[in-house]
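Have a look at this one.
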Amino acid sequence: MAYEVTATRKRPQSFDTMIGQEFVVSTITHAIEQGRIAHAYLFSGPRGVGKTTSARILAKALNCEHGPTAHPCGECASCREITAGNSPDVIEIDGASNTSVNDIRAIKDEVLFPPQASRYKIYIIDEVHMLSISAFNALLKTIEEPPEYIIFIFATTELQKVPATIRSRCQQFHFQLINLDQVKEKLKEAATDLGVQADDDALFWIAKESTGSMRDAYTLFDQVVSFSGGHITLSGIKDKLGIVGVDQLNQMVLGMLRGDMKGALTSFQTMLHDGISIDQCVKDLTQYYRGLMLLSQGITDEDILGMQESEFDPEVRKAYTNEQLEAAVEMLLKLYRDIRYSLNPRFEVELLLSRLGQLPYLVSPTSLVKRLQALQQSLTDGKPLPAFQRAQLPTRQPVAVPSKPSFQDVPVHHFQQPKEQVVSTPTPKTPDSPVQVKRMTKEDLGTVGQALNQPMLAAMLGNVTRIEQDEHSLTLFFSKVYDRDKLKMAMDNLKQAVAAVTGFTGNIQLLVEEPKKVENPSTADPAISKIASLFGGTIVTE
């Protein structure tokens, strides 16, 4: 007997054996039992989840000699012909290769003839979204008012490409992706049928790679069986298909975490030497950091993680904050998008690994502002400075943060109270007691600019021409309106930075000094005076 692929051999032949589509199955079976049979159905959803299979089962249910019934016998002549694909009254049409209006006109002529031996004449049009606009328009009237013995079943993976005029004339059923556990169980059944031994983690990997498509899972399963020698193992899959193992990723990330970039880059070289493509390395590293991010948020469901929780190294799980893991995933996704235009993809990955080595020391501007606010509050209240917590890091020397990172990097410092200092409980302050603050100087403006963490605003603070300050207000004078307006837009951040540096919490004003006019314009350059008189202007000096 000729070899039959698993996807064809295990194709469901009744609604009872369909998995993952409970809503579709229950709705159609109840409609058949109640005699509420529509003249047009539209099945949509991802590839390989059972749309065409359901269309064939529905055709058998309607044309079974014991029907219409929700449970076709599968043994009568009609059921056997539909299963074999040679029923004269069930016509399957590939919409991708019959896209013209002439193909639809042929259908319009055929529907005038009743079925030869069955109860209904059923047209199954797969990938219906590939039909042309003219073909859809030619089909409209036939779908809306077909003969009583005609039923249309459309299947598509791209519902948005089907015109609304077609959708409104059909009963629509959206098929869902199949649960990972259900896919895994079906693969276990297929392995048992073939007499093949399969490890649980290997079947889990195949089910994960299918991304909810049963047909994709069976196709990959057949490929794995062909080189497994009767025993499917995860190590064999990784060796033959060039997949990065979680153990290799743990080793690489631990190297970066401990400051051993040589070891991390050597691990990357080993992966390439083993035949693993750079694209696959980036994909698996992204999946790894995504898993860490989800674990940091308390998600342990394997169906969501796509990996088993026990595979992650405990030291790595404790090393990063959720914010840092989000930054890592963002950098990896950007790398995968940009790598196709790179001069050398390997250089890009090595650069990214170097940046990931600094990941434990990354902090976003949002966190920095929160810490500055907490510091300001502590200084105002006279309380001990808070010791900011971060993820547990291994012992290593601090690494300098790159000057222009892709994710804004700021070193994190622990604020600790000296052991010798005894902090007494501060006495409550009366409303009349003034707050002692440091008087602002131009040197302090540079420190304020660094606290803002925005180089452009820091440069504008360097253009301050004069500072005036009293107990309740601070006034900064500028020579350019542009500098003043830009800083006004960041006034809240400016106030927080000033308070953190000097302790001043009063009102801050930003003003522009008017340039002084030259008292004796005649002393100016004659050419400049001539231009000024020509345009009706005055000569000023700053």
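The values are calculated or read from the model by the stated rules, or taken from the named source; none is laboratory data. These numbers come from a predicted model, not from an experiment. All Cβ positions, glycine included, derive from the backbone under ideal geometry; neighbour counts span all protein chains shown. Surface accessibility is based on the protein's heavy atoms, side chains included, excluding ligands, DNA and RNA. Shrake-Rupley method; radii C 1.70, N 1.55, O 1.52, S 1.80 Å.
Using a 1.4 Å probe on the protein heavy atoms, what percent of the accessible area of the range 231-381 belongs to carbon and sulfur?
Whole-percent figure for carbon plus sulfur exposure: 50.
How much accessible surface does GLU22 have with a 1.4 Å probe, in Å² rounded to 10?
110
For LYS60, LYS188, LYS208, give the ranking by accessible area with the largest first, probe 1.4 Å.
LYS188, LYS208, LYS60
Treating only the Cβ of Lys, Arg, Asp and Glu as charged (+1, +1, -1, -1), what charge dipole size does the range 281-385 show about its Cα centre? Round to the nearest 20 debye.
520
In terms of the Cα gyration tensor, with a ≥ b ≥ c the square roots of its eigenvalues, is the range 60-218 rounded because a/c is under 1.5, prolate because a/b exceeds b/c, or oblate?
Oblate, because a/c is 1.5 or more while a/b does not exceed b/c.
Further question on the same structure: Under 11 Å from the Cβ of LYS184, count the other residues' Cβ atoms, weight Lys and Arg +1, Asp and Glu -1, and hand me the total.
So the surrounding residues net to -4.
Given a 1.4 Å probe and heavy atoms of the protein chains only, how would you sort PHE347, PHE175, largest accessible area at the top?
I get PHE347, PHE175, largest accessible area first.
Tell me, what % of the accessible area of the range 40-116 is carbon and sulfur with a 1.4 angstrom probe?
47
Still on this structure, I have one more. Using modelled backbone amide H atoms (1.01 Å from N, in-plane), which distant-in-sequence or interchain residues come within less than 5 Å of GLN171's amide H?
Amide H to amide H, under 5 Å and 5 or more residues apart or across chains, GLN171 pairs with ALA40, TYR41, LEU42.
Here is a follow-up. Taking the Cβ of THR502 as the centre, find all other residues whose Cβ is under 12 Å away and add up their charges (Lys, Arg: +1; Asp, Glu: -1).
+1
Moving on. What order, most packed first, do the peptides 461-468, 290-297 have when packing is the mean number of other Cβ atoms within 10 Å of each residue?
Per-residue mean Cβ counts within 10 Å order the peptides as 290-297, 461-468.
Now for a different question. So how do ASP222, ASP200 rank on accessible area, 1.4 Å probe, biggest first, that is with the largest at the start?
Putting ASP222, ASP200 in descending order of accessible area: ASP200, ASP222.
Give me the net charge for the shell around VAL49: Cβ to Cβ below 13 angstrom, other residues only, Lys and Arg +1, Asp and Glu -1.
My count for the surroundings of VAL49 gives +3.
Per residue, how large is the accessible surface of the range 252-293? Use a 1.4 angstrom probe and give square angstrom.
Here the per-residue accessible area is 41 Å².
Decide, for the range 55-136, between rounded, prolate and oblate: order the square roots of the alpha carbon gyration tensor eigenvalues as a ≥ b ≥ c, take rounded if a/c falls under 1.5, and otherwise choose prolate if a/b is larger than b/c, else oblate.
Judged from the Cα gyration tensor, the range 55-136 comes out prolate (a/c at least 1.5, a/b above b/c).
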